[in-house]
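Before any comments, here is the structure.
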Amino acid sequence: MLEIKDLKVSVDQKKILKGLSLKINKGEVHALMGPNGSGKSTLSYVLSGKDNYNIDEGSISFKNENLLNMDVDERANKGLFLAFQYPMEIPGVQTSFFLRTAINAKRKFLNLPELDALEFAKSLKTISEDLSIDPEILKRDLNLNYSGGEKKKQEILQLSMLNPDLAILDETDSGLDIDALRVVADGVNKFRSSDNAFLIITHYQRLLDYVKPDFVHIIADGNIVNSGDYSLAIELEEKGYEKMANV
Amino acid sequence: MKLQPLVDLLLNNNKIYEYISLNLTSRDPFSNPKIENYKYSQLNKLDYNKSLNNIYECDLEVKDNFINNYLLNKKIVEIDKKLLSWNFKGPDSALRLAALIKNPKLNIYDLDNFKENVCIIDISKYEDLNIEFNYSKKAKLSILLIDSDKNKNSNPRYISFNLSKDSEIEILSINLNKSISLLFYEFNLSDFSKVNVTTIQANNLHLRNEFYFNLQSNCSAKISGANFCNSGVNDNYSFMQHSNPNSSSREVFKSIVDKGAITNFQGKIYVDSIAQKTDGYQMSKSLLLDDISRCNNKPELEIYADDVKCSHGSTVSKIDNDLLYYFNSRGINSELAINILKKAFIKEILDSIETLPLRSVSDRIVSNFLS
């Protein structure tokens, strides 16, 4: 589904990613762990297409197409979703309106008719109940004055509603209390299937206790330095990044 | 410098000149904040120092570019002297003067005769340019104020609303697609009266709206303005005069400026020395959609009482690239995202409309304009 080859990325002439390669197949959940400044979030922004990240070398193919040739909205409509570490607050735009607009943008891209209002409402009700999201919050402006946990749940709600092929969770666990973490993890597990894939970016093992990854990668100084299965995350928790990054 | 010298002069003569055309060859016929005397001044202040004796030769020297361009062609008309004795305590206004010169008559209408609680006033149906409406009922009256005249050039108009004790009106005023639109609004609020004005201005080339409020005790005034400006110069001025104690005012003006257009906003909250316990608030916000558009926002407070709560603020911003990226990352293209963000920007103005029929009119106009 996603193949990154020898990716070198710089920002303002500072090299951040230094030849990173990663392959994610359908049905797989990959965890990318690394210390601060190792390039985790840069990778997520590059994948989603954010401006100001210079691709110096390398390639990224998504569903056998060159991802780097696509605009941000095109990537999203083709099935790539980034759950933000710091979701944006949008005053004046109601949460449910934003969601419906996003779903209909994707349906338009796929030459499908707009989603019926009733169908949308039903689907929104079911998923938001699963995520313990207060229905009142959906009437409020998107992410405005939401707590940290509410914002992260909102990202998972969008993920579930937009039904992407590849979801990137950028430190979704940061700022979550234990209950919220469990709710978010349950949401991810419910959505997880053999048809989609996840790249979970995190500092800690705790989210991976709930969402068991098939592969764990350690990133340090712009490159993947170690890969393994879930046991690598446990080992990392015990030994710390400094030791594991030098393995 | 006050208008009084000119008024005195006019009262001592039977005739004045009527000035009938605007010169729009100038790029910027409206006010220029750089030439104003900043503190406690109006952008449109007149300077009669040099030319009082030569007014008939049209040697009126003004600092204001607007009136300077207005006073080009002239003819002699009779003037109703009663008109000049309007009990107007507000700031000097070149626009008010222009309305007065253009049509020196004031016609008074009684809004109490309306049977419905929502009505439409089409100012183009009134022959007279200067209109005064009186309202004294205790029931709330909601008014849609429009100008359906297809002529793109509107004459300067003076429109006044006088509210008696305990009365309440809500007004939605629409200015659309005019080459020139010049309106001076005056609201006189008696004790315990209430007014809520929302103004939507879109697609006008040269627009100038002036809002003057005079608040007596225990009354409240609210004005919310949405201005979509994509050509020419659009000016909005407000003067909120708290004359007596315990009155409150809320002003929010928002402009979306595009394609090299210019918007100016100047608003003053004026609190008289006896107007204790005044609660005043003013906010002006502009959203610039390109690098060549301009806005000049000038909030002012002038307070002579010592027990009041007054605040003001002003912001200028452009579309946030991070917000745009967030929309894009959800599959929403930039064009649609910008439209949504523009609607979101002025939502606060639309939300201020309380009467449902007026709200649906405003929603439709804004949707049409943004689609």
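Of all positions in region B:165-176, at least one carries a residue that is open to solvent by 10 Å² or more (accessible area, probe 1.4 Å), modelled with pLDDT of 90 or more and touching a Phe, Trp or Tyr at 6+ places or on another chain (Cβ under 7 Å).
Counting just the residues of region A:110-132 that are within 22 Å of A:MET70 (Cβ to Cβ) and aliphatic (A, V, I, L, M), which one comes out farthest from the other protein chains (Cβ to nearest Cβ)? Don't jump to the end; show me each part of the working.
First pass over region A:110-132, keeping only residues within 22 Å of A:MET70 (Cβ to Cβ): A:110-112.
Adding the requirement that they be aliphatic (A, V, I, L, M) leaves A:110, A:112.
Working: A:LEU110: 10, A:LEU112: 13 Å.
Taking the candidates together, the pick is A:LEU112.
If the requirement is being within 28 Å of B:ASP122 (Cα to Cα), open to solvent by 10 Å² or more (accessible area, probe 1.4 Å) and in contact with a strand residue (DSSP E or B) (Cβ under 9 Å, 6 or more places away or on another chain), which of these qualifies: B:LYS254, B:LYS285, B:LYS277?
Details: B:LYS285 fails: within 28 Å of B:ASP122 (Cα to Cα); B:LYS277 fails: within 28 Å of B:ASP122 (Cα to Cα).
B:LYS254 is the lone residue from the list that is within 28 Å of B:ASP122 (Cα to Cα), open to solvent by 10 Å² or more (accessible area, probe 1.4 Å) and in contact with a strand residue (DSSP E or B) (Cβ under 9 Å, 6 or more places away or on another chain).
Please enumerate the residues belonging to region B:211-235 that are under 15 Å from B:ILE269 (Cβ atoms) and open to solvent by less than 10 Å² (accessible area, probe 1.4 Å). The answer is B:PHE211, B:TYR212, B:PHE213, B:LEU215, B:CYS219, B:ALA221, B:ILE223. Of the listed requirements (1) modelled with pLDDT of 90 or more; (2) crowded, with 23+ Cβ neighbours inside 10 Å; (3) away from chain B (no Cβ under 14 Å), A:LYS23 misses just one: (2). Within region A:144-184, the set of residues being at pLDDT 85 or above, of a type in the set (A, V, I, L, M) and either out of contact with any Gly (no Cβ under 8 Å at 6 or more places or on another chain) or open to solvent by 10 Å² or more (accessible area, probe 1.4 Å) (or both) comprises A:LEU144, A:MET161, A:LEU162, A:ALA167, A:ILE168, A:LEU169. Listed here are the helices (runs of 4 or more DSSP H) enclosed by region A:27-109 that have at least 1 residues being away from chain B (no Cβ under 11 Å): A:40-48, A:95-109.
When you check B:TYR281 against the structure, is it farther than 27 Å from B:VAL118 by Cα and within 14 Å of chain A (Cβ to nearest Cβ), yes or no?
Values: farther than 27 Å from B:VAL118 by Cα: yes; within 14 Å of chain A (Cβ to nearest Cβ): no.
Answer is no for this residue.
Which of the residues that make up region A:135-152 are within 14 Å of chain B (Cβ to nearest Cβ) and within 15 Å of A:VAL183 (Cα to Cα)? Of everything in region A:135-152, just one residue is within 14 Å of chain B (Cβ to nearest Cβ) and within 15 Å of A:VAL183 (Cα to Cα), namely A:LYS151.
Looking at region A:192-206, which of its residues are open to solvent by 30 Å² or more (accessible area, probe 1.4 Å) and at pLDDT 85 or above? Once the filter is applied, which keeps residues that are open to solvent by 30 Å² or more (accessible area, probe 1.4 Å) and at pLDDT 85 or above, region A:192-206 yields A:ARG192, A:SER193, A:SER194, A:ASP195.
Taken over region A:161-201, the criterion of being part of a loop (DSSP other than H, G, I, E, B), within 14 Å of chain B (Cβ to nearest Cβ) and in contact with a helix residue (DSSP H, G or I) (Cβ under 9 Å, 6 or more places away or on another chain) is satisfied by A:ASN163, A:PRO164. Residues in region A:1-20 that are surrounded by 19 or more Cβ atoms within 10 Å (Cβ to Cβ) and either at pLDDT 90 or above or assigned to a strand (DSSP E or B) (or both): 7 in all. Being at pLDDT 95 or above, farther than 30 Å from A:LEU169 by Cβ and either surrounded by fewer than 16 Cβ atoms within 10 Å (Cβ to Cβ) or within 12 Å of chain A (Cβ to nearest Cβ) (or both) is a description that applies to B:LYS309.
Considering only residues that are over 17 Å from B:LEU205 (Cα atoms) and either part of a strand (DSSP E or B) or free of Cβ contacts under 8 Å to residues at least 12 places away in the same chain (or both), which ones fall in region B:167-183? Steps first, please.
Initial filter on region B:167-183 (over 17 Å from B:LEU205 (Cα atoms)): B:167-173.
Once the filter is applied, which keeps residues that are over 17 Å from B:LEU205 (Cα atoms) and either part of a strand (DSSP E or B) or free of Cβ contacts under 8 Å to residues at least 12 places away in the same chain (or both), region B:167-183 yields B:GLU168, B:ILE169, B:GLU170, B:ILE171, B:LEU172, B:SER173.
Filter region A:207-224 down to residues that are in contact with a Leu (Cβ under 8 Å, 6 or more places away or on another chain) and open to solvent by 30 Å² or more (accessible area, probe 1.4 Å) and give me whichever is nearest to A:GLY39 (Cα to Cα).
Start the filter on region A:207-224 by keeping residues that are in contact with a Leu (Cβ under 8 Å, 6 or more places away or on another chain), which leaves A:207, A:210, A:216-219, A:222-224.
From what's left, open to solvent by 30 Å² or more (accessible area, probe 1.4 Å): A:210, A:223-224.
Values: A:TYR210: 24, A:ASN223: 8, A:ILE224: 10 Å.
Looking at the filtered set, the residue picked out is A:ASN223.
As a summary of the residue check, A:SER44 satisfies the conditions (1) touching a Phe, Trp or Tyr at 6+ places or on another chain (Cβ under 8 Å); (2) crowded, with 16+ Cβ neighbours inside 10 Å except for the one numbered (1). All but one of (1) within 14 Å of chain A (Cβ to nearest Cβ); (2) farther than 30 Å from A:LEU110 by Cβ; (3) open to solvent by 30 Å² or more (accessible area, probe 1.4 Å) hold for B:ASN333; state the number of the condition that does not hold. The failed condition is (2). Among the residues of region B:344-357, those that are open to solvent by 70 Å² or more (accessible area, probe 1.4 Å) and farther than 13 Å from A:ASP141 by Cα comprise B:ASP351, B:GLU354, B:LEU356. Among the listed residues A:GLY34, A:GLY49, A:GLY39, A:GLY79, which satisfies the condition of being in contact with a Phe, Trp or Tyr (Cβ under 9 Å, 6 or more places away or on another chain), crowded, with 19+ Cβ neighbours inside 10 Å and under 30 Å from A:GLU235 (Cα atoms)? Exactly one of A:GLY34, A:GLY49, A:GLY39, A:GLY79 is in contact with a Phe, Trp or Tyr (Cβ under 9 Å, 6 or more places away or on another chain), crowded, with 19+ Cβ neighbours inside 10 Å and under 30 Å from A:GLU235 (Cα atoms), namely A:GLY34.
The values are calculated or read from the model by the stated rules, or taken from the named source; none is laboratory data. Keep in mind it's a predicted model, so treat the numbers as computed, not measured. For neighbour counting, all protein chains shown are included, and Cβ atoms are generated from backbone atoms with ideal geometry for every residue, glycine included. The protein model used for the area step is the full one, side chains on, heavy atoms only, and it has no ligands, DNA or RNA in it. Shrake-Rupley method; radii C 1.70, N 1.55, O 1.52, S 1.80 Å.
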